[in-house]
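Enquirer: Below: one structure in structure tokens.
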Ligand code: ATP
Ligand code: MG
């Protein structure tokens, strides 16, 4: 199934804005409409929204969250960047383990089971996509996944409106 990424991503970002209503976050979406993906909409939506909702959850008030979708070396890249609490380096390798959460003290405020990133990893595996993270405590985190050319497609974007014939 060829997915309508601009629509899927704008729904996710709208949901994140609703979720973050009282937190004063600035949540932005940058999306290249010419890049799209073959796959299952609901499974992909749940994986990508997990990354966006984490950014909302682990960013204190008035944060800045940037979600982007763009072409990358013939494939595509999805990135969520936040300026939230960040993650100490020694936790990074274990983040996608089931039930793993960075010290319960700080995450107890924000409920969660620690399954989100395990699910993300599982779904991305079905697209031969990898998950990368860069993070600095107190500064923020960037989660990024790269989809290979095999699962991506380029779409023609009309510049002049629809034409018949
Ligand atoms: P769940 O997603 O199951 O509701 P969760 O958010 O705790 O629970 P994961 O999404 O798997 O679980 O994330 C694992 C842990 O990684 C989180 O508990 C949190 O400590 C840390 N984490 C994930 N994303 C971020 C982020 N953007 N900024 C800071 N910490 C993060
Ligand atoms: Mg989560």
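Enquirer: With respect to residue 42, determine if the residue is within 18 Å of residue 125 (Cβ to Cβ) and either surrounded by fewer than 15 Cβ atoms within 10 Å (Cβ to Cβ) or away from ligand 2 (no atom under 13 Å from the Cβ) (or both). Talk me through it step by step, then tell me what you get.
Expert: On the way: within 18 Å of residue 125 (Cβ to Cβ): yes; either surrounded by fewer than 15 Cβ atoms within 10 Å (Cβ to Cβ) or away from ligand 2 (no atom under 13 Å from the Cβ) (or both): yes.
So residue 42 passes the test.
Enquirer: A follow-up question, please. Regarding residue 123, is this residue within 25 Å of residue 30 (Cβ to Cβ), under 15 Å from the mean Cα position of the chain (by Cα) and away from ligand 2 (no atom under 11 Å from the Cβ)?
Expert: Values: within 25 Å of residue 30 (Cβ to Cβ): yes; under 15 Å from the mean Cα position of the chain (by Cα): yes; away from ligand 2 (no atom under 11 Å from the Cβ): yes.
Answer is yes for this residue.
Enquirer: Another question about this same structure. Based on this model, can you work out whether residue 97 counts as surrounded by fewer than 19 Cβ atoms within 10 Å (Cβ to Cβ), within 13 Å of ligand 1 (Cβ to nearest atom), in contact (Cβ under 8 Å) with a residue 40 or more places away in the chain and farther than 22 Å from residue 2 by Cα?
Expert: On the way: surrounded by fewer than 19 Cβ atoms within 10 Å (Cβ to Cβ): yes; within 13 Å of ligand 1 (Cβ to nearest atom): yes; in contact (Cβ under 8 Å) with a residue 40 or more places away in the chain: no; farther than 22 Å from residue 2 by Cα: yes.
So residue 97 fails the test.
Enquirer: Taking the stretch 105-116 as the search range and keeping residues that are loosely packed, with under 11 Cβ neighbours inside 10 Å and modelled with pLDDT of 60 or more, which one is farthest from ligand 1 (Cβ to nearest atom)?
Expert: Of all residues in the stretch 105-116, those loosely packed, with under 11 Cβ neighbours inside 10 Å come to 105, 108-109, 111, 113.
From what is left, the residues that are modelled with pLDDT of 60 or more are 109, 111, 113.
On the way: 109: 11, 111: 7, 113: 4 Å.
For the stretch 105-116, the residue satisfying everything is 109.
Enquirer: Quick one: in the stretch 72-81, of everything that is over 19 Å from residue 1 (Cα atoms) and modelled with pLDDT of 95 or more, which residue is nearest to ligand 2 (Cβ to nearest atom)?
Expert: Here the residue is 80.
Enquirer: Name the strands (runs of 3 or more DSSP E) wholly within the stretch 1-106 that hold at least 2 residues that are closer than 19 Å to residue 117 by Cα?
Expert: Details: elements: 26-31, 35-37, 64-72, 75-82.
In the stretch 1-106, the matching strands (runs of 3 or more DSSP E) lie at 64-72, 75-82.
The values are calculated or read from the model by the stated rules, or taken from the named source; none is laboratory data. Bear in mind that the values here come from a model prediction, so they are computed numbers and not experimental data. A quick note on method: Cβ atoms are made from the backbone with ideal geometry, for glycine too, and the neighbour counts reach across all protein chains shown.
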